[in-house]
Amino acid sequence: MRLVFAGTPEVAVPALDALIASDRHEVVAVVTRPDAPAGRGRRLVASPVAERAEEAGIEVLKPARPRDEDFLDRLREIAPDCCPVVAYGALLPKAALDIPAKGWVNLHFSLLPAWRGAAPVQHSVLAGDEVTGASTFRIEEGLDSGPVYGVLTEEVRPTDTSGDLLTRLAFAGSGLLVATMDGIEDGTLEAVPQPADGVTLAPKIEVEDAKVDWTAPALRVDRLIRACAPAPGAWTLFRGERLKLMSATPAAGHTGPDLAPGELAVTKKAVYVGTGSHPVEPLWVQPQGKKPMKAADWARGVRITAGERLGDQGA
């Protein structure tokens with residue numbers, strides 16, 4: 001089939017590579033988000049998908065809005081048979097959905113109908129799911145509600161961050177997407193409507209959502225830190241400034257004094273923070289305006305005093 005691939009971030013690149021490598025299909029163009037400012041200089045930078053497509057000599061379309069008439073006209077000229085999508089980042093209007101004869105097919109990183117929305121992997125980690133996966137489905141005008149072509153499952157490991165899990169799903173899912181394209185082409189694959197039961201939503205996790213509540217149980221704090229890594233990054237306050245928590249582990253074996261929620265205790269090699277249950281041990285932190293560092297090194301540098309806390313009460 002003639003394919004137009006739609007995607008934007010790094011997580012979409014493995015699927016694009018797999019489709020380019022397929023001997024049954026031709027990626028004739030790529031649709032991605034417009035160049036965005038990045039870095040300290042805030043200069044415009046092309047998306048990872050755009051960069052990969054340009055390396056491969058594939059036409060790149062960067063509409064400001066997918067409903068723009070010049071974009072729709074160009075898509076009609078290209079006349080794709082199907083448009084596979086991975087993390088494109090914009091809603092597709094009906095005018096665009098109607099162009100390819102075999103529709104737009106999304107690779108979504110959950111077992112639909114669970115975790116429909118922008119942040120399925122983060123919500124899966126936050127909820128403590130033991131198993132998640134990826135699904136390919138035909139895009140309709142509803143939110144991730146279209147009929148499903150195929151699924152794969154992936155174990156959520158106890159120490160997985162969202163970044164860890166998403167990387168594995170991106171590579172495993174690329175094979176699923178190619179197999180879906182193959183099945184659509186030869187007519188052996190039929191999309192099956194999603195069940196009405198089991199629908200859960202996964203909206204984008206904003207910075208304010210990533211603020212740690214130290215009165216929550218240690219398990220909940222650990223899940224939040226892992227779910228928000230690498231972005232937007234779990235955080236708390238220390239002496240009135242933000243402190244990002246990049247990784248941590250529940251410290252059920254901590255033998256020091258009982259700690260109140262947010263209260264800090266420091267040993268020669270570790271830092272412990274009290275929660276609503278047992279303490280957690282931060283492993284890596286990032287103070288405001290500084291580079292990431294080991295939590296023990298940070299604690300020695302700031303010279304924590306007895307009874308100091310993280311959180312609003314420590315501001």
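The values are calculated or read from the model by the stated rules, or taken from the named source; none is laboratory data. Values in this document were obtained by computation on a predicted structure and should not be read as measured data. Glycine also receives a Cβ, built like all others from the backbone with ideal geometry; neighbour counts cover every protein chain displayed. Quick note on the areas: whole protein, heavy atoms, side chains included, nothing else; ligands and nucleic acids left out. Shrake-Rupley method; radii C 1.70, N 1.55, O 1.52, S 1.80 Å.
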So in the stretch 195-210, with the set limited to residues that are surrounded by 16 or more Cβ atoms within 10 Å (Cβ to Cβ) and free of Cβ contacts under 8 Å to residues at least 40 places away in the same chain, which one is farthest from GLU263 (Cα to Cα)? ASP209
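Conditions tested, residue by residue: (1) of a type in the set (Phe, Trp, Tyr); (2) open to solvent by 10 Å² or more (accessible area, probe 1.4 Å); (3) touching a helix residue (DSSP H, G or I) at 6+ places or on another chain (Cβ under 6 Å).
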site: PHE5; (1), (2), (3): yes, no, yes
site: HIS25; (1), (2), (3): no, yes, yes
site: ASP35; (1), (2), (3): no, yes, no
site: ARG43; (1), (2), (3): no, yes, no
site: PRO48; (1), (2), (3): no, yes, yes
site: GLU51; (1), (2), (3): no, yes, no
site: GLU69; (1), (2), (3): no, yes, no
site: GLU77; (1), (2), (3): no, yes, no
Looking at the stretch 100-124 only, could you name the residues that are open to solvent by less than 20 Å² (accessible area, probe 1.4 Å) and touching a His at 6+ places or on another chain (Cβ under 6 Å)? none
Of all the residues that make up the stretch 277-315, how many are out of contact with any strand residue (DSSP E or B) (no Cβ under 8 Å at 6 or more places or on another chain) and surrounded by 15 or more Cβ atoms within 10 Å (Cβ to Cβ)? 1
Being of a type outside the set (Lys, Arg), within 17 Å of ARG157 (Cα to Cα), within 17 Å of the chain's Cα centre (by Cα) and open to solvent by 30 Å² or more (accessible area, probe 1.4 Å) narrows PRO250, PRO230 down to just PRO230
Being crowded, with 22+ Cβ neighbours inside 10 Å, modelled with pLDDT of 95 or more and touching a Pro at 6+ places or on another chain (Cβ under 6 Å) narrows it down to one of LEU165, LEU169, LEU177, so name that one. LEU177
Going through the stretch 282-315 one residue at a time, which ones are under 27 Å from the mean Cα position of the chain (by Cα) and either over 19 Å from GLY233 (Cα atoms) or free of Cβ contacts under 8 Å to residues at least 24 places away in the same chain (or both)? GLY289, LYS290, LYS291, MET293, LYS294
With the stretch 33-117 as the region, which strands (runs of 3 or more DSSP E) entirely inside it contain at least 1 residues that are touching a residue at least 12 places away in the same chain (Cβ under 8 Å)? 59-61, 83-86, 104-108
Based on this model, can you work out whether GLY187 counts as out of contact with any helix residue (DSSP H, G or I) (no Cβ under 9 Å at 6 or more places or on another chain) and buried (at least 20 other Cβ atoms within 10 Å of the Cβ)? no
Quick check on the stretch 153-162. Is at least one of its residues modelled with pLDDT of 95 or more, out of contact with any strand residue (DSSP E or B) (no Cβ under 9 Å at 6 or more places or on another chain), surrounded by fewer than 20 Cβ atoms within 10 Å (Cβ to Cβ) and farther than 30 Å from ALA96 by Cβ? yes
Restricting attention to the stretch 253-276, which residues are open to solvent by less than 50 Å² (accessible area, probe 1.4 Å), farther than 18 Å from LEU219 by Cα and not hydrophobic (A, V, I, L, M, F, W, C)? GLY256
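Condition check ((1) hydrophobic (A, V, I, L, M, F, W, C); (2) at pLDDT 95 or above; (3) within 26 Å of ILE184 (Cα to Cα)) across all residues:
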{"residue": "ARG40", "(1), (2), (3)": "no, no, no"}
{"residue": "ARG43", "(1), (2), (3)": "no, no, no"}
{"residue": "ALA46", "(1), (2), (3)": "yes, yes, no"}
{"residue": "GLU59", "(1), (2), (3)": "no, yes, yes"}
{"residue": "LEU72", "(1), (2), (3)": "yes, yes, yes"}
{"residue": "ILE78", "(1), (2), (3)": "yes, yes, yes"}
Kindly indicate which of VAL105, VAL86, VAL45 is of a type in the set (A, V, I, L, M, F, W, C) and under 15 Å from VAL11 (Cβ atoms). VAL86
Within the stretch 148-197, count every residue that is farther than 17 Å from TRP115 by Cβ and touching a Phe, Trp or Tyr at 6+ places or on another chain (Cβ under 6 Å). 3
